[in-house]
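The values are calculated or read from the model by the stated rules, or taken from the named source; none is laboratory data. Remember, predicted model here, so these are calculated numbers, not experimental data. So basically every Cβ, Gly included, is an ideal-geometry build from the backbone, and we count neighbours across all protein chains shown. Calculation scope for accessible area: heavy atoms of the full protein, side chains included, ligands and nucleic acids excluded. Shrake-Rupley method; radii C 1.70, N 1.55, O 1.52, S 1.80 Å.
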Amino acid sequence: MVSNRYDIDDEIYITDLLTNEDIPSFVKYLNNPIIEANSITIPYPYTTKDGEDFIQKIKSDSLNLTHIFTIRLRANDELIGECGLHRSIGNERRTEIGYWLGEPYWHRGLMSKAVNKAIEIIKIEWKNLVRIEAKIFPWNKASMRVAEKCGFVLEGVLRKHAYKNGQDIDEHLYALIIA
């Protein structure tokens, strides 16, 4: 499979390559209750089967609605995070972004660099794109900072918008307008 590599800095790059060889990294970094608490879709504990199912889901996206960028170390190509964009079926001018990074790499500015690069690329690939949304739980201040550093603006709070672990949870809606 041919993939594209986009260098970010001396430590990391992003690529659109995602293979079963990445599953051990998914299990290593996503087996984290903090990451699960901040996500609507990542389970805890995270198993090899979860990684296999995720990769199969991405590969079976026949409508080309999802674009996944893996975040990798330049030193050894290890996957340490991901930034994914998912277009709306009803409105290809809008996409939702989600991202995660392995805990050993937190608080170093890496995620905002990766998100900025992913947005730069997706604006070229999805020419009709006008709006990118990020829905963030109220307690996930680090993700809010990433969104703000990447130019997203808080548009409001979606009250009781997500259902997780038997609870209705508010989500902060951030948006970046591509003009």
*Report the residue count in region 1-33 for those that are surrounded by fewer than 17 Cβ atoms within 10 Å (Cβ to Cβ), assigned to a loop (DSSP other than H, G, I, E, B) and of a type in the set (D, E).*
3
*Scan of region 141-162 for residues that are assigned to a helix (DSSP H, G or I), closer than 13 Å to N116 by Cα and of a type in the set (G, A, S), ordered by number*: A147
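If we keep just the residues of region 42-58 that are out of contact with any strand residue (DSSP E or B) (no Cβ under 8 Å at 6 or more places or on another chain) and touching a residue at least 24 places away in the same chain (Cβ under 8 Å), which is farthest from V115 (Cα to Cα)?
Here is the first cut: in region 42-58, the residues out of contact with any strand residue (DSSP E or B) (no Cβ under 8 Å at 6 or more places or on another chain) are 43-57.
In the following step, the residues that additionally are touching a residue at least 24 places away in the same chain (Cβ under 8 Å) were identified as 48, 50-52, 54-55.
Working: T48: 26, D50: 24, G51: 22, E52: 24, F54: 20, I55: 20 Å.
By that ranking, first place goes to T48.
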*Kindly indicate whether any position in region 162-169 is open to solvent by 90 Å² or more (accessible area, probe 1.4 Å) and among the aromatic types (F, W, Y).*
yes
